[in-house]
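Below is one structure, written out as C-alpha cells; comments come after it.
The values are calculated or read from the model by the stated rules, or taken from the named source; none is laboratory data. The structure displayed is predicted, hence computed values, not measured ones. Cβ: placed from backbone, ideal geometry, glycine included. Neighbour counts: every protein chain shown.
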Amino acid sequence: MRKKIYTPLIFLFLSIGYLHGQDYLISFEGSGAVSTVESVKVENITQKTELTMSGNQVLHLLSVVTGIEQTRDNTKNGVRFFTNPMTNSTRMQFVLPESGQTLIALHDLSGKTILQNQYYLSQGEHIYRLEGFENGIYFVKINTGKYSINGRFLSNKAHEGAMRITYENTISTENNTIESKGLQDEIVMQYNTGDRLIFTANGGECISLVTDVASSDKTIKFDFQPCKDADGNKYPIVKIGPQTWMATNLKTTKYENGDPIPLVTDNAAWLALRYEAAYCWYDNDALTYKNIFGALYNHWAVSSGNLCPAGWHVPTYSEFAALEKYLNDNGYNYDNLTYGNNIGKALASTAMIFLTTLPSSPAIMWEYSSDDGTVGNTDFPIKRNASGFSALPSGFRGNGFSVINQFAFWWSSTEESMGFARYRNLQSNWETLLGGSTYKWIGYSVRCLKNP
C-alpha cells in the first residue's frame, strides 16, 4: 500500500516540477538618538501573523509556494541531490566559487528551520550526506554572504532517528566545521510576494515603526527619536516622507510642563464646558480603551498648552495637508493614482484587537465596507496601512460617545473662530482622508508631529 500511495506523489514531484520558494534575509539597524535595536516585533498584516525577535537576529522571510519551477534543481550552478526523492538518505552536491564561512540551513514546508550549521568551506565542489528526514518536502539554502544557492528535495519514507547532515567530500578543507549556530540567530517567518510587513523596534526609551513589502535581502533602518509624554508614556513613531508622526494616539493626562488636564466623565458637565480644557477616555473606560485609543480631548485642551511630548506638537491643518499631499504624490492611493486623496486605506490599521477585559471579548476593527478602496474594505491588501500611521477607529465624544468601529478624528491646532476648530478624520466607508471644522467642545483624538 505504501508504494501505491507514494508513486503518484513522486511522479508529480519529478515530472511537473518542484514547489518554488522565494526567501529574503532581513537585518536591522538603528540611528538617531539610539543606535542599538533591542527587539523587533514583525507583523505580516496580509497574513495576520506576527513574531517578536531580538534586534541582532536575522529575519528569514520564506515563501514555500510562489509558483511551479519547470526544471529540476540538478543544474550546473545549483544544488544537486542523489537520489531525489530520497528514502533513507541522499547526497547533496554543490560548487562554491570562492572560499569562506558558509551557512547551510534546511527548512520544512511550513518554513520552520530544522537544521542550521556554519562551516568554513574552500572554493570548489562539496558533498554532504543527509539522512533521518520524515516524509515531506524540504528546502536548502547555502549562503556565503556574497553567494547564495537554493535547492529542495523530497523524502518519501518515514524515518526514525535524528536528522543529520554529514560532510563527505573527498577533497580536504581547512578548518571545516567551526561552529553550530543556534537557531536563535535566524528567525523564519512565512512570507508570500506582496505581503505588507510592519516592523516595530525598541531601542532604549525609543520606539520606531517601519513598513515594507520585501523583494530582496535588505537592512531595515529605524530612526529612533524620543517621544515620551509628561505621564511617562512612550510612543512609537513613524517617518512618512519628510514628516515624523506618532504611530498611536496621545494618552497624556498632563501638559508637557506637568500641569494636569481636567478629566470630565459626566456627559452634562462635558456639554456645559465653555473655554475650559478637558479630556476623557472612550466610554469613560480607561481600563479597556486607554492603551488602544488614547484619550479624547476638547480643543481648549489643545490650545491651552503643549499636550505633546517635548520636541513634538499638535499639527496644524496645513501640516495634515502636507501629509495628504505626500501620500497622494507617492503612490499611496489604493488605485495607484497620484491625485484624488484615496489614501484612507494607507493610513488605517488592519489590527483586530480583542477586548479581554470585557466578558464577551468583542474585537476592535474597522467596520466592514463593500465599497472599493474604502478603509473598511479588505481589498488592495498591499495598500493597507502602507504609511504605518496605523489609525484605529477610536470614535469621538459629542452629545455622547460615537458608535465604535466607524470613525477616527484628530484635532489640528488650527482655529477657525472663537468656537470652531479644524480636524481631519477617517471613516470606514470612505476612501479619503476627510476634514472640516466643528465645535471646540467636541472630544477628538490627538496625533503629535515632530518639530522641524
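State which residue pairs qualify: first residue assigned by TED's automatic domain parsing to the domain that holds A295 and in a loop (DSSP other than H, G, I, E, B) and inside region 388-402, second residue buried (at least 24 other Cβ atoms within 10 Å of the Cβ) and charged (D, E, K, R) in any location, beta carbons under 7 Å apart, and separation of 6 or more residues or different chains. Hits for this filter: zero, empty list.
Selection within region 335-361: residues that are part of a strand (DSSP E or B) and in contact with a Leu (Cβ under 8 Å, 6 or more places away or on another chain). The member of this set that is modelled with the lowest pLDDT is I353. For region 106-130, which residues satisfy the criterion of being surrounded by fewer than 17 Cβ atoms within 10 Å (Cβ to Cβ) and touching a Lys or Arg at 6+ places or on another chain (Cβ under 7 Å)? Hits for region 106-130 are I127, R129.
For region 323-334, state whether one or more residues are assigned to a loop (DSSP other than H, G, I, E, B), aliphatic (A, V, I, L, M), buried (at least 16 other Cβ atoms within 10 Å of the Cβ) and at pLDDT 95 or above. Looking for residues that are assigned to a loop (DSSP other than H, G, I, E, B), aliphatic (A, V, I, L, M), buried (at least 16 other Cβ atoms within 10 Å of the Cβ) and at pLDDT 95 or above, one finds none in region 323-334, hence no.
The criterion of at least 2 residues that are in contact with a strand residue (DSSP E or B) (Cβ under 8 Å, 6 or more places away or on another chain) and modelled with pLDDT of 95 or more is met, among strands (runs of 3 or more DSSP E) falling completely within region 1-54, by 22-32, 39-44. If the condition is being β-branched (V, I, T) and either out of contact with any helix residue (DSSP H, G or I) (no Cβ under 6 Å at 6 or more places or on another chain) or surrounded by fewer than 21 Cβ atoms within 10 Å (Cβ to Cβ) (or both), then region 246-263 contributes T248, T252, T253. Filtering region 252-306 to residues that are in a loop (DSSP other than H, G, I, E, B), among the aromatic types (F, W, Y) and more than 21 Å from K234 (Cα to Cα) leaves only Y275. I'm checking my understanding of the structure. Among residues of region 264-279 that are among the hydrophobic types (A, V, I, L, M, F, W, C) and surrounded by 11 or more Cβ atoms within 10 Å (Cβ to Cβ), which one is nearest to the chain's Cα centre (by Cα)? It comes out as A278. Here region 362-387 is the region considered, the condition is being within 14 Å of A346 (Cα to Cα), hydrophobic (A, V, I, L, M, F, W, C) and in a loop (DSSP other than H, G, I, E, B), and the residue that is nearest to the chain's Cα centre (by Cα) is A386. Give region 310-331 a look and list any residue that's among the polar types (S, T, N, Q) and over 24 Å from the mean Cα position of the chain (by Cα), or say none. The answer is T316, S318.
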